[in-house]
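Written out below as structure tokens is the structure these notes cover.
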Amino acid sequence: MNSKSFTALIIILYFLSITVLKKRHTRFDTTASSSLKGILSILIILSHINFHADLPIFLTITAWGGTKVALFFFISGYGLMASYLQKGASYLDGFLFKRLWKVVKPLFIVTISFLLLYYLDTGTFKGDLLNELITKGMTPLPYSWFAYAIIVFYLFFFLAFKSGSNDMLKIFITFGLTLLVTLVMKEVGYDRAWWVSNLAFPLGLFFRYKEKVIISYSRTRFGNLALVPLLCFLVLALVLLKIEILYAFAYVLIVMMIMILMSYVKLPSGPIFSTLGKVSYETYLIHGAVLTLLRGKHVYIMNGYLYLATAIILTLILSIITHSFFSGVNRKQS
């Protein structure tokens, strides 16, 4: 599921958490969240590069794929719960427009733009797009399945939190709906990327809701020493069972472990990481199109490292432009 380098990183963070950083607690605030999203967005590009070019040096990052996406889902759930706890039920007023529409609009525009450019480049048009998406999970925009999944999860959050009065019950309903769609995706035959990281979204809701309890327990003598090894053991047990659907639960435990360990360290911050975080969604949407078109019929960058550098720079430029455009549109509409 993950590479040796990822395992080594966990061991290093665990050692630091029980020694020199034992008494430190770093809040997962908006700055930390933005930095993490920014880092993950670059790692996503690096992890997909080997599907287009032979760059073995990045294979270890490719192996982290499920964890990176799971962390994105976690952050989405965590952010929604943080806003809900701060604003209460009023947060749901206009939710579909304020949050969901902000996901749909860039997805639609970037997808249409890619299909047009792809047609101009190859002279072919991808037909039967809706059927391919629904029956096979094949998105018209490369690697954009994440956006479709987020749209579904946002709807689940809205439906669950519009019903009942008990917050834990609402989280449980969201978990149940997410698990149901995960099982359906697996049964239909969607690529594993579509479903294996999904349960990290309701985990984000739960973690934010019980954050003080979780962090407090991790600072007890037993929690500090044993919680991460226990989570590692449970992940190993789920993997060794070789029951594919249990991998979805393994990623829940992996993300829980990462978030506990991250509470001991301070992520890098500053304008660069802030910008990367702000445009992380656009980066996720655009990078697949750029990777495809830079090795198309009219443009084909042969050198793998030049291809990667060009893809990253062009993706970030287009992401910043796209983010600025839609931010302006959203401000006018609000």
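Among the conditions (1) in a helix (DSSP H, G or I); (2) surrounded by 12 or more Cβ atoms within 10 Å (Cβ to Cβ), the only one that residue 222 does not satisfy is (2).
Scan the range 236-247 for residues that are surrounded by 13 or more Cβ atoms within 10 Å (Cβ to Cβ) and either closer than 23 Å to residue 180 by Cβ or touching a Lys or Arg at 6+ places or on another chain (Cβ under 9 Å) (or both) and the total you get is 4. The number of residues in the range 10-63 that are under 23 Å from residue 205 (Cα atoms) and either basic (Lys, Arg) or over 19 Å from the mean Cα position of the chain (by Cα) (or both) comes to 4. Residues of the range 195-216 include at least one that is more than 21 Å from the chain's Cα centre (by Cα), surrounded by 14 or more Cβ atoms within 10 Å (Cβ to Cβ) and in contact (Cβ under 8 Å) with a residue 12 or more places away in the chain. State yes or no: is residue 110 touching a residue at least 12 places away in the same chain (Cβ under 8 Å) and under 22 Å from residue 294 (Cβ atoms)? Against the criterion (touching a residue at least 12 places away in the same chain (Cβ under 8 Å) and under 22 Å from residue 294 (Cβ atoms)), residue 110 qualifies. Against the test of being surrounded by 13 or more Cβ atoms within 10 Å (Cβ to Cβ), touching a Lys or Arg at 6+ places or on another chain (Cβ under 6 Å) and in a helix (DSSP H, G or I), the options 16, 80, 9, 43 yield a single qualifying residue, 43. Cβ-Cβ contacts under 7 Å between residues 6 or more apart (or on different chains), taken from a first residue in the range 312-334 that is under 15 Å from residue 106 (Cβ atoms) and modelled with pLDDT under 85 to a second residue that is surrounded by fewer than 17 Cβ atoms within 10 Å (Cβ to Cβ) and of a type outside the set (Ser, Thr, Tyr), are listed as 330/102. Only residues that are among the small types (Gly, Ala, Ser) and touching a helix residue (DSSP H, G or I) at 6+ places or on another chain (Cβ under 6 Å) were counted in the range 202-236, giving 3.
Only helices (runs of 4 or more DSSP H) whose full extent lies in the range 93-177 are considered here, and the ones with at least 2 residues that are crowded, with 17+ Cβ neighbours inside 10 Å and modelled with pLDDT of 95 or more are 101-122, 145-162. Among the residues here, residue 260 qualifies as in contact with a helix residue (DSSP H, G or I) (Cβ under 6 Å, 6 or more places away or on another chain) and either on the phi < 0 side of the Ramachandran plot or surrounded by fewer than 13 Cβ atoms within 10 Å (Cβ to Cβ) (or both). Provide a single number: the residues in the range 263-296 that are surrounded by fewer than 21 Cβ atoms within 10 Å (Cβ to Cβ) and in contact with a Lys or Arg (Cβ under 6 Å, 6 or more places away or on another chain). Residues meeting the conditions: 0.
The values are calculated or read from the model by the stated rules, or taken from the named source; none is laboratory data. What you see is a predicted model; the values in this text were computed from it and never measured. Virtual Cβ from ideal backbone geometry, glycine too; neighbours counted across all protein chains shown.
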